[in-house]
Amino acid sequence: MSPAATSVLLAVVVTVVKGLLVIIVLLTGFAYLTLIERKVSARIQLRYGPNRVGPFGLIQPAADAVKLLFKEKVAPEGRDRFLYLLAPALAACAALFAFSAIPVNQTICIAGTHGAGPLSARCPGGYPLHWDVANINVGLLFILAITSLGVYSIFLAGWASNSKYSLLGGLRSAAQLISYEMAVSFALIGPVLLAGSLNLETVVNQQHSLWFVFLQPMGFLLYFTGALAETNRLPFDLPEAESELVAGYHTEYSGMRFGLLQMAEFVNVITVCSIATVMFLGGWMGPFFFLPNWLGPLWFGAKVGLLIFVMMWVRWTFPRLRYDRLMQFGWKVLLPLGMANVLLTSVFVALH
């Protein structure tokens, strides 16, 4: 086999293996995030969480999965059958695909391919192993494009259910996600200007001496606030407001169809916290930069876990906003602050 063919075959095998690993990790993370959130909420409310199924309740996610698999799939009359089934599948796929461009460690070189093909330009003596499924020069744009598909999935779920509550939840979500995507995008422009690249690995490498959260504190707070709204988390969970919409866009879903929508929400939580880690918190870099390379994923996971915990803490602490105040906060507070942050960062970069 020629060196070029070997390089292509190796690239395909590595990509498939990494894709399977990412899916397994995200699905496992989704399952246990449901348990962790119930435990965190229980501690905040001074009560016990799930503790009956297995030691410390560790088998509770498996029990929930079995329950959803065998639960009766009730569907409303008059629904749009194709869109009704498409919505949860689209939500789950978009959530999984968005994580594919996030690097969790520094690129390493696999020796033995002798620089065959253009893929090894960064590794003259071997094949570069990127710690993401798709290493893209415009990785941030790719992630924002994929996550924007979540708007369609939630709106289609509300529209296709033939329920006024679901429809109102879908409309709310579409307006909310479009509004807060603007603030999130402006918040992310600051680190991009400082790094001079849209490649996420380059952004992390530019933080080797100082994490961008110290240069972009306002950008980080804007992004994190917008991320809460993007993932429909309290106090921004208006699309699922039980008090007036029963359960919002997923009111008419049950069984694994409901499970897919919930999975998409929790995987999106992991994704937005991973983006915050990459753009503001130095990615896989620890506090001591001489640490071995294999500790990178552990540092990355620790930072993501801390941000997820803060999200849970916020959810079980603050009350839900009123919808008109939610929209005013997005357009009249976060968006102007995001534009001001971009302007100040541009001046800072130009002067330095």
- Query: Which order, highest average first, do 256-269, 91-104 follow once you tally other Cβ atoms within 10 Å for each residue and take the mean per peptide?
  - Reply: 91-104, 256-269
- Return the sequence-ordered ³J(HN,Hα) values of region 19-28 in whole Hz as given by the Karplus equation 6.51 cos²θ - 1.76 cosθ + 1.60 applied to θ = phi - 60°, using x for Gly and Pro. x, 5, 5, 4, 4, 4, 5, 5, 5, 5
- Query: If the viscosity is 0.692 mPa s and the temperature 37 °C, what translational diffusion coefficient in µm²/s does Stokes-Einstein give for region 161-238 when Rh comes from Kirkwood over Cα pairs?
  - Reply: 233
- If we sort 16-24, 192-200 on the protection proxy, mean other Cβ atoms within 10 Å, highest first, what's the order? 192-200, 16-24
- What is the helix-to-structure angle for 335-351, meaning the angle in degrees between its Cα long axis and the longest Cα principal axis of the chain, kept from 0 to 90 and rounded to the nearest 10? 10
- Message: For the chain, take the longest principal axis of its alpha carbons; what is the angle in degrees between that and the long axis of helix 81-98, to the nearest 10 within 0 to 90?
- Response: 30
- Kindly state, to the nearest 0.05, the FRET efficiency for L210 paired with R43, given R0 = 51 Å and r defined as their beta-carbon distance. 0.90
- Note on the structure: Summing -39500 (n - 2.57) over every DSSP H run of at least 4 in the chain, dividing by its residue total and rounding to the nearest 500, the 222 nm mean residue ellipticity is -21000 deg cm²/dmol
- Given +1 on the Cβ of Lys and Arg, -1 on the Cβ of Asp and Glu, and no further charges, what dipole in debye does the chain carry about its Cα centre, rounded to the nearest 20? 580
- Task: Mind putting a number on the dipole of region 209-335 about its Cα centre? Charges go on the C-beta only, +1 for Lys and Arg and -1 for Asp and Glu, and I need it in Debye to the nearest 20.
- Result: 320
- Message: Compute the helix-to-body angle for 164-195: its Cα long axis versus the longest principal axis of the chain, expressed 0 to 90° and rounded to tens.
- Response: 20
- Task: Sort the following peptides by mean Cβ neighbour count (other Cβ atoms within 10 Å, averaged over residues), highest first: 312-319, 172-179.
- Result: 172-179, 312-319
- Between region 1-40 and region 204-230, the Cα center-to-center distance that results, in Å: 26
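No lab work stands behind these numbers, since they all come straight from the coordinates. A quick note: this is a predicted structure, and the numbers were derived from the prediction, not measured. In this analysis, Cβ positions are derived from the backbone assuming ideal geometry, glycine residues included, and neighbour counts consider all displayed protein chains.
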